[in-house]
């Protein structure tokens, strides 16, 4: 049996990229050359290691998703209660003159639905 192929199948079973565990190939090779009892113990250890790595990876991804959600909720709470000052409101007329490429051609200073004047499409 090929140790690389076996390790790739183990990675696929746990949803791990092979390049993250490629360093385990020599250990898998030794396991395949060992007596059955030793082989089974080594492969069980490798399997457990891959399972822990997969669980850890899922935990980290879930943590980042949860943190993103918390940041969005915190920002939304602040913005929904925020009433812009008159100076901020006046910036709607100033920004198109300062950044004509971003806000479209100068006009009446009112921004359209896409953040541009007169409802024109914004930059892509």
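Provide the FRET efficiency to the nearest 0.05 for the residue 13-residue 57 pair, computing r from the beta carbons and using R0 = 22 Å.
After rounding to 0.05, the efficiency reads 0.95.
Given a Förster distance of 25 angstrom, what is the FRET efficiency for residue 47 paired with residue 20, based on the Cβ-Cβ distance and rounded to 0.05?
It comes to 0.95.
FRET efficiency for residue 77 and residue 99, Cβ-Cβ distance as r, R0 = 25 Å, nearest 0.05?
Values: r = 29 Å, r/R0 = 1.16.
For residue 77 and residue 99, the calculated efficiency is 0.30.
Take peptides 65-78, 26-39, 2-15 and line them up by average Cβ neighbours within 10 Å, highest first, as a rough protection proxy.
Result, highest mean Cβ count within 10 Å first: 2-15, 26-39, 65-78.
Taken together, the values in this text are just the output of simple stated rules run on the coordinates, not laboratory data. On a predicted model such as this, the values are computed, not experimentally measured, just so you know. Glycine gets a Cβ as well: all are built from the backbone with ideal geometry, and neighbour counts include every protein chain shown.
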